[in-house]
Amino acid sequence: MAGRSLTTRYASAGESPGFLLWHATNRWQAAQRAALKPFGLTHVQFVLLASLAWFGADAPVTQRELAGHAGTDPMMTSQVVRALERRRLLTRSPYPGDGRAHALAVTRAGRDLANRAIVAVEQCDERFFETLGAEVPHFARMLGALRHAQVVA
């Protein structure tokens, strides 16, 4: 192989946290896609449906609140919500006091599907992260810190 033409601070790609995260994320996403395939859900559909089920039925949830909880783009959330509504896994209705917003509610079928799928998702996570052993809780805390990191490009 000819000399490198990329100027980087790392001696190898395997030293770059971002590159390693990219690879790990791709492998984890592939595992999740496989785990969710029997349920007919994409991963983002599962995340939004499970998040809505997590909120419960105590108060109306807006699409914006759902997107914020799930960490998804509001426009993409709207598209996925419509797809889940067509499958009768959730309902959308006018939000009380705000004619522009929609109140979302998980249906019984949606709640049942989310509860079946989460078993597969959590088993997939256990298998994927088992190589970390007792460090899984620490790793989860580190990911939580990164989730809220403010990065200015």
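The values are calculated or read from the model by the stated rules, or taken from the named source; none is laboratory data. Fair warning: this is a prediction, and the values are worked out from it, not measured in the lab. Cβ coordinates were reconstructed from backbone atoms using ideal geometry, including for glycine residues, and neighbour counts include every protein chain displayed.
Quick check: is even one residue across region 135-144 buried (at least 16 other Cβ atoms within 10 Å of the Cβ) and in contact with an Asp or Glu (Cβ under 9 Å, 6 or more places away or on another chain)?
Among the residues of region 135-144, not one is buried (at least 16 other Cβ atoms within 10 Å of the Cβ) and in contact with an Asp or Glu (Cβ under 9 Å, 6 or more places away or on another chain), which makes the answer no.
For region 44-65, check the following and say yes or no: at least one residue is more than 30 Å from H102 (Cα to Cα), in a helix (DSSP H, G or I) and touching a residue at least 60 places away in the same chain (Cβ under 8 Å).
Looking for residues that are more than 30 Å from H102 (Cα to Cα), in a helix (DSSP H, G or I) and touching a residue at least 60 places away in the same chain (Cβ under 8 Å), one finds none in region 44-65, hence no.
I'm trying to understand the selection: among the residues of region 141-151, which are part of a helix (DSSP H, G or I), closer than 20 Å to G68 by Cβ and among the hydrophobic types (A, V, I, L, M, F, W, C)?
Hits for region 141-151 are L143, A145, L146.
Looking at (1) closer than 30 Å to L20 by Cβ; (2) more than 15 Å from the chain's Cα centre (by Cα), can you tell me which one A70 breaks?
(2)
Yes or no: region 124-135 includes at least one residue that is farther than 26 Å from V61 by Cα and either basic (K, R) or not in a helix (DSSP H, G or I) (or both).
The answer is yes; a qualifying residue exists.
Could you say which residue among R100, R127 is among the basic types (K, R), more than 17 Å from G40 (Cα to Cα) and at pLDDT 95 or above?
Criteria check complete, one pass: R127.
So V80 clears everything in (1) under 30 Å from Y95 (Cβ atoms); (2) assigned to a loop (DSSP other than H, G, I, E, B) except one condition, right? Which one?
So V80 meets the others, but not (2).
Within the bounds of region 31-51, is there any residue that is more than 25 Å from R127 (Cα to Cα) and surrounded by 15 or more Cβ atoms within 10 Å (Cβ to Cβ)?
no
Sort out which residues of region 88-118 are in contact (Cβ under 8 Å) with a residue 40 or more places away in the chain, within 24 Å of A35 (Cβ to Cβ) and outside any helix (DSSP H, G or I), and write them in order of number.
L89, L90, V106
May I ask you to list the residues in region 21-43 that are part of a helix (DSSP H, G or I) and β-branched (V, I, T)?
Residue satisfying the conditions is T25 alone.
Residue check, G68 against (1) under 24 Å from A31 (Cα atoms); (2) modelled with pLDDT under 95; (3) surrounded by 11 or more Cβ atoms within 10 Å (Cβ to Cβ), all met but one. Which one?
(1)
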